[in-house]
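To keep things clear, I will list the structure first and then write my remarks on it.
Derivation of every value follows stated rules applied to the coordinates shown; laboratory data play no part. These numbers come from a predicted model, not from an experiment. All Cβ positions, glycine included, derive from the backbone under ideal geometry; neighbour counts span all protein chains shown.
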Amino acid sequence: MLVLMRGWSGSGKSYHVQKFMKAHPGSLAYSTDDFWSMDGAYRFDRERLNEAHAWNINRVRLTLKESAGLFRGKERHIFIDNVNIKVMHMQSYIDLAKQHDVQVCQFVSPSVAGTVNRWRALCGRDDKQKALLDVYSCWRRSTHAVPLSTMVRWMEEFEIDDSIEYVLLNHQQSENL
């Protein structure tokens, strides 16, 4: 199974990947952030973003080409630990999984799901303020120095895709994954 992690920096994607991987030995995690951390220090370079995404997609492509059969059941998973704000950000991974007959699902960080729902609600001003505070909390937790304005933009642009199965939001129930 290929699991697309979704959420902005500091929303808990990597935390949940670690929990899921403990419950599913032999699973793998791929993140475009690894491109920026090759020598142990995180050095983001916006000019190389397309190169970094292509590099990560290629790693997944090679893994599926060599051992797709290992990831067709519910024992081992490939986690894509990227922000995946828009559906188009996930499409290359979805296409790869389909080519290799590997199931695809998505995991939306719980804090992201609630924040996006509050932001889009036609409720009052309090909901919008709470959503912005949620993003601010993630920004404070983030280890990648993403500007707060970028994270607010990600919240505004987050696309819901109900065509991809959702994974349980509780890592304690990860045996169902």
Would you please give the residues with an amide H less than 5 Å from that of F79, counting only those at least 5 places away or on a separate chain, with H modeled from the backbone geometry? V3, L28, A29, Y30
Under-25-angstrom lysine pairs by C-alpha in the chain, whenever the two are 8 or more apart or on separate chains: 16
Between the range 61-95 and the range 12-60, what is the separation of their alpha carbon centroids in Å? 12 Å
Between A41 and R72, how many nm apart are label points set 7 Å from Cα along the C-beta direction? 4.6 nm
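Which value, in debye to the nearest 20, gives the size of the charge dipole of the range 9-58 about its Cα centre, when Lys and Arg are +1 and Asp and Glu are -1 at the Cβ? Please report the intermediate quantities before stating the final value.
Working: 6 positive and 6 negative charges, 61 e Å.
My answer is approximately 300 debye.
Can you tell me the relative contact order of the range 1-81? Whole percent, Cα pairs under 8 Å, sequence separation 6 or more.
Details: 81 pairs, mean separation 45.9, N = 81.
Result for the range 1-81 is 57 percent.
When the dipole is taken about the Cα centre of the chain, and only Lys, Arg (+1) and Asp, Glu (-1) are charged at their Cβ, what size is it in debye, to the nearest 20? Don't skip to the end; give the middle numbers.
Values: 23 positive and 21 negative charges, 62 e Å.
Charge dipole of the chain: 300 debye, to the nearest 20.
Report the local net charge at L64: Lys and Arg +1, Asp and Glu -1, summed over other residues whose C-beta lies under 14 Å from its C-beta.
Numbers: positive: R59, R61, K65, R72, R76, K98; negative: E66, D95, D101.
In short, +3.
Counting Lys +1, Arg +1, Asp -1, Glu -1, what net charge surrounds Y166 among other residues with beta carbon under 15 Å of its beta carbon? Let's see the in-between values first.
Values: positive: R6, K13; negative: E159, D161, D162, E165.
Around Y166, the surrounding residues sum to -2.
With the cut-off at 21 Å, report for the chain the share of all Cα pairs above it, as a whole percent. Don't skip to the end; give the middle numbers.
Numbers: 7682 of 15576 pairs.
I get 49 percent for the Cα pairs in the chain exceeding 21 Å.
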